[in-house]
Amino acid sequence: MNPASPSRWPAPIRALRHRNFQIYFVGQGLSTLGKWVQQVALAWLAYHLTGSAVLLGTIAFLTLLPQLLVGPLAGAWSDRHDKRRLLMAVQAVLAVQSVALALLTWQHWMGREVIIAMALLLGLLNALETPLRQALIASFVDDPDDLPNALVLNAMLINAARFIGPPLAGMLINWSGEAGCFLLTSIAFGMLLIGLGKVQSRAQIRAQGSTGEIFREGLRYLWCTLAIRRLLISVVMVNLLASCYSVLLPILARHAFSGDAQTLGWLWGAAGAGAFVATIFLAFAGGASRLSRIIVLGTVVCAVSLCAMAANPPLGFTLMALAGLGFGITVSNVSSNMTLQGAAPEALRGRVIAFYIAMRFGFEAIGGLLAGLLAAALNVQWTLLVAGVLLGTYQVCSGLLHRRAEKGRR
C-alpha cells in the first residue's frame, strides 16, 4: 500500500500524508514558536523600560496595522509572482531583524523610539509574510479535498506555538534576558527558510494584469458576494473587540497579580491553550455545514470571557477566562478562513486571503491601540467590560438581522 494513501492517515491529520506539507509543517511550527517568543519578549521589554500602557498599545498597533494597509495590495502583488520564493526572501529579512533586535538589546540601545521603529518594521514584514504563508498551503497539498484539513492543522500548529511560546519566553527572559529570546527567534525563522528550500510546490495559476487591476478584481469579488461580506464584518468585530486582551496582559501580570515575565508567559499561554483546544475541536467538528454556527459560538464565548475577566477574578479564574477567550477567537477566525479559502477561486485565493488577514490583524491593531488608550484613561477591568458588552451586543443584533433576512426569503 502507498504510504501516502489516505487510509494510512486518520481523518483529523490526513493532510500530513503529503510530503511537501510535512516539510512545511515542521518549519512553520518552529518559525511560529519563535514569533511568539519574540512577541512576548518585545512586549515585556517595552513595559519593563517604560511602564507605559500606551506604548504597549502602540506596539500592537504598529505591528499589526500594516496588515490592514499593505496586506491587500501585497496579496494582489503576490498573485502575479512565485509565492514560495517571495516567502523565502521575507523569512530571510525577518531572521536578520531578529538578530538586530538581539544585538540592540544586548548593547542596551533599546529605547522607546527604537522599539517603535522595530515594531513598525516587523508589521511591514508580517504584512507580506502572512498572506504568502496562507496562500501557499494549497500548493503543498496535492488533493484539494485535504485543503480544509491542512488549514486546521496549520491553525493547530500556530496555536500550539501560542500555548508553548509565551511560557518558554518567560523562562528565557528570566534565564538569558530578552536578547536571548530574539536570537532564538532568528534561528527559528532560518528553519522555515531551510524547509521552504526543500519543498516542491505545484505550479500556481498567476494573475494577469497590473497590481492595481488585480487588486480591484479581488475587491469586486468580495464586495459583490454577500455571504463573504457578512463574514468579513464578523471577523472585524471579533478582532477589534476580543483580541485587544493581549495588549493588557503585561499590565495584568505586573499590577493585578504582582508577577513577573513568567506570570505574563502563563497568562499568554492560557489563551494559547484555549486556542489549541479550539483547533482540535475544529479538526473533529469543523465540517463545512457547521462553520457558520461555530463562528457564532466563538463570538459568544469571547464576549462572556471578556466580561468574566473584567470582574477581576483570582489568577486561576483569569487563566480559565483567557483560555475561553483564546478558544472563541480561534474557532471564529479559523472557521472564517476555512469558509473563505473553500469558496475562493484559485486565481483569486491570494487576494481573498490577504483581505481576510487585513481584517483579522488590521482591526486587532486598532483594537489594541484603543485598549491601551482606554486602559490608561480608566483601567484594565473597565476596558475588558466595554469590549465584552459591545461584542455581545453586536452578536445579538447580527443574529436578529440574519433571522429577519431569512424570513424575508421565505
## Note on the structure
Quick calc, Ala89 & Lys198: beta-carbon distance into FRET formula, R0 22 Å, rounding 0.05, result 0.85
### Message
Students often get this wrong: which residues of segment 276-318 have the backbone nitrogen under 12 Å from the point 7 angstrom along Cα-to-C-beta of His402?
### Response
290-300
### Query
On full extension of the chain, what length is gained from Glu113 through Arg293, given 0.36 nm per residue of separation minus the C-alpha to C-alpha distance?
60.4 nm
### Query
About its Cα centre, what dipole magnitude does the chain give when the only charges are +1 on Lys and Arg Cβ and -1 on Asp and Glu Cβ, stated in debye to the nearest 20?
1100
### Query
Normalised by the number of residues in the chain, what is the relative contact order in percent for Cα pairs under 8 Å and 6+ residues apart?
28
### Query
Say we join alpha carbon atoms closer than 10 Å with springs in a Gaussian network model of the chain; which of Glu213, Glu178, Glu364 then has the biggest fluctuation?
Glu213
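Please tell me the relative contact order of segment 1-117 in percent, rounded to the nearest whole number, where contacts are Cα pairs under 8 Å and at least six residues apart. The partial results should precede the final answer.
Working: 29 pairs, mean separation 25.8, N = 117.
Worked out over segment 1-117, it gives 22 percent.
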### Task
Give me the distance in nm between label points sitting 7 Å out from Cα along the Cα-to-Cβ direction at Ser176 and Ile13, one decimal.
2.8
### Task
Sort 243-254, 296-307 for me by packing, meaning the mean count of neighbouring Cβ atoms within 10 Å per residue, highest on top.
243-254, 296-307
### Summary
Stretched fully, the stretch from His81 through Asp260 gains (0.36 nm per residue minus C-alpha distance, one decimal, in nm) 59.9 nm
### Sum of -39500 (n - 2.57) over DSSP H runs of 4+, divided by residues of the chain (222 nm, nearest 500)
-28000 deg cm²/dmol
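Only the coordinates and a few stated rules stand behind these numbers; no lab work does. Values in this document were obtained by computation on a predicted structure and should not be read as measured data. Please note: Cβ atoms are built from the backbone with ideal geometry, for glycine as well, and neighbour counts cover all protein chains shown.
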